[in-house]
1. Scan segment 576-618 for residues that are open to solvent by 20 Å² or more (accessible area, probe 1.4 Å), within 22 Å of Gln78 (Cβ to Cβ) and in contact with a Ser or Thr (Cβ under 6 Å, 6 or more places away or on another chain) and report the count.
2. Hey, any hits in segment 27-34 for a residue that's closer than 18 Å to Gly124 by Cα, open to solvent by less than 40 Å² (accessible area, probe 1.4 Å) and either in contact (Cβ under 8 Å) with a residue 60 or more places away in the chain or under 19 Å from the mean Cα position of the chain (by Cα) (or both)?
3. Any idea which of (1) at pLDDT 90 or above; (2) crowded, with 21+ Cβ neighbours inside 10 Å; (3) of a type in the set (S, T, N, Q) is the one Asn72 doesn't satisfy?
4. How many residues are buried (at least 17 other Cβ atoms within 10 Å of the Cβ) and charged (D, E, K, R) when one looks only at segment 225-274?
5. Mind checking whether some residue in segment 360-375 is under 15 Å from Leu39 (Cβ atoms) and more than 19 Å from the chain's Cα centre (by Cα)?
6. Just to check your reading of the model, which residue among Gly622, Gly558, Gly552, Gly564 is buried (at least 20 other Cβ atoms within 10 Å of the Cβ), touching a residue at least 40 places away in the same chain (Cβ under 8 Å) and on the phi > 0 side of the Ramachandran plot?
7. Can you name every residue in segment 471-497 that is acidic (Asp, Glu), without any contact (Cβ under 8 Å) to a residue 12 or more places away in the chain and assigned to a loop (DSSP other than H, G, I, E, B)?
8. Where residues in segment 291-308 are part of a loop (DSSP other than H, G, I, E, B) and closer than 15 Å to Arg354 by Cα, which of them is most open to solvent (accessible area, probe 1.4 Å)?
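The values are calculated or read from the model by the stated rules, or taken from the named source; none is laboratory data. What you see is a predicted model; the values in this text were computed from it and never measured. In this analysis, Cβ positions are derived from the backbone assuming ideal geometry, glycine residues included, and neighbour counts consider all displayed protein chains. Keep in mind that these areas ignore ligands, DNA and RNA; they rest on the heavy atoms of the full protein, side chains included. Shrake-Rupley method; radii C 1.70, N 1.55, O 1.52, S 1.80 Å.
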Amino acid sequence: MSWEQRPVAEIQMGNGTLLVTFDACGEIEQLFSPQIDALQARIGAYQTAVVVPVGPENHAGAPEVIAIHSGNFDIRLQLSPGSQVLAVEYYHRSRPLKMTRRLAIHPTEPILLDQWKIMDERAGLLHQSIPWMGYTTSAHCSLYHPVFNGIVHHRGRRWVGIIGRSKTQWERVGHLADSERYRLWAGEKISIPFHGGDLWGFPSGPVQCGWDHVVQGCGTWGAFALGPEESIEFLVICAESEVHLGRLITSLKHLPTRRYFQMVEGMVQRRYQPAIPILNRIKNDQVRFFCERSIDVLHALQDGKTGALLAAAEVDPHSRLSGGYGYSWPRDGAYLASALGAFGFRDRVEHYFRFLAETQDVSGAWWQRYLATGHAGPSWGRIQIDEPATVLSAAYLHFRRTRDYLWLENFWPTLEKGLRFLEEFHSTPDGMGQPSHDLWEERMGIHAYSLGAVASAFLTGAFLAGELMETQAQVRYHELGKKISALILDRFVPDEGPIQRSFISNQYWDQAVDVSLLGLIRPFGVIRPDHPTARRLVELVRSRLWCKSVGGVLRYEGDNYRGGNPWILTTLWLGYVEMTLGNWSEAREAFQWAMSKATSLGLFPEQVHKDSGKPFWVIPLGWSHAMFLIFVEEAIRRKCESQIWDGGDGR
């Protein structure tokens, strides 16, 4: 089955040089390397099957091939916090065949070790893969590499090696003939010859394989079989050349598997070290687990070379259901960086700000989204004014946490260019600025949330200017921030009358209730929590956007993206604002709902299906995990843990 036809991946691991997604069977779904954005995809299909002898009574027959999927096996998965190890157990549904599997990412290199142990039966493994580099399965070379002992796919500077650490017994590289593909589509089986070796005692002969045994694709593909042994291992390696691939293989040649896993698992404390002070204040094991898992997700979504923070691993490469996710939005990145900063990851935050400094446009703006390399990504709204504004506010937050004047001096030229861009953008006669897309990237107009972001950027920029004794700039930006804040309160959220989320055009005001209106309270602070309008907004969002069927908060009235479902980040957003208002039971309800909707491995989706109540669409979403960390840090700062989760001591 080709990648774009598969269900959305549910699991991810990454180290900054390699981002790997997995399906619910523990099979590799996609590899992104050396940068981790959408355009760095390497694999179109990756599939493992079990090769089992037919039995002593039939020495002439070919071995049986059993595909790894839930129809054949009961599958159990466990993702170890921080250690970058995915453990899988497979129990065959009708025969005494049990297998365990551990997949572990190297701490720094684009290497994945895939270790299998076969229990109860004598069996080997058959591996198949199709390359998918540069959004195509064509123009690749696939070959069996006898020196490396595995299948190698390459196209230009993109190389993937699936290397056997055990002796290879059989291999095949080539194309599926059209006649074979048509037979598979019709539900028939095709014969794949096992020849040139006896698979360590397995007889040779044609193996009958159906659709679920054979990876599908129009390009070259490779397969090879290993075993049987008690332990069978693959190395999956991404490289930029054959020499680079060989060097990475050599680096592990004399490293025993036990020491490899010891090295990976030994990184747990190092990965969490900056967050230990705040993690140790969390007395509830479940909350701490989700915090650690959220840290893992955000770490995996940060490119190790450039510092870019991605929204998610790509799940929709052809933009059939969305605009794609494997990119770095300045808006999302600002929230992710704020979450990392809340838990002490200062170096990662500053790495991201260096990425922002390098990608800033000459005008002072940031574009809609970027590749991890820093190049502009495909866009349907080049300038979304809340994005540069949110970046500037995130810089203020970082400075308030660190009080690092050297960092501020170095980053101030970037901030000042951004502030000047915002000033020019809002130099229209009415003061509302030029139209741009809204937070959800769906409507053009003047939006309350976007104006709130701009007002906050000016006010926080004024504070930073004052810290650097830039008095004239301080006064000017403070006045601009107050002016836009007053405009919002007068035109969009008046004390009396309808609340407007957007001014679209021709005097049309959009009055749909939108959770983004909460941004005027937090994080932008245009409306004080003790102001009556704050309670009015919160009550409006809760009464109109809370999903009656499964709980959680919709984005806005009439939302139909992916069916119109409640989101994790919107629900945590409402809970966060409820907490600032002192509404403990409502904040607790939102927080507990979010935790209850994570996957069994602790990953937060973008959405929760409005009918089934199950995690839906992008899993995991970086912003969902960022909002969880931001919520928890705020609860600890306010010393209201005991009001929000069990075991909080409130100290």
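1. So the answer is 1.
2. yes
3. (2)
4. Matching residues across segment 225-274 total 3.
5. yes
6. Result: Gly552 is the single residue among Gly622, Gly558, Gly552, Gly564 that is buried (at least 20 other Cβ atoms within 10 Å of the Cβ), touching a residue at least 40 places away in the same chain (Cβ under 8 Å) and on the phi > 0 side of the Ramachandran plot.
7. If we filter segment 471-497 for residues that are acidic (Asp, Glu), which is where we start, we get 479, 490, 495-496.
If we keep only those that are without any contact (Cβ under 8 Å) to a residue 12 or more places away in the chain too, we end up with 479, 490, 496.
Matches in segment 471-497: Glu496 only.
8. Out of the qualifying residues, it is Lys305.
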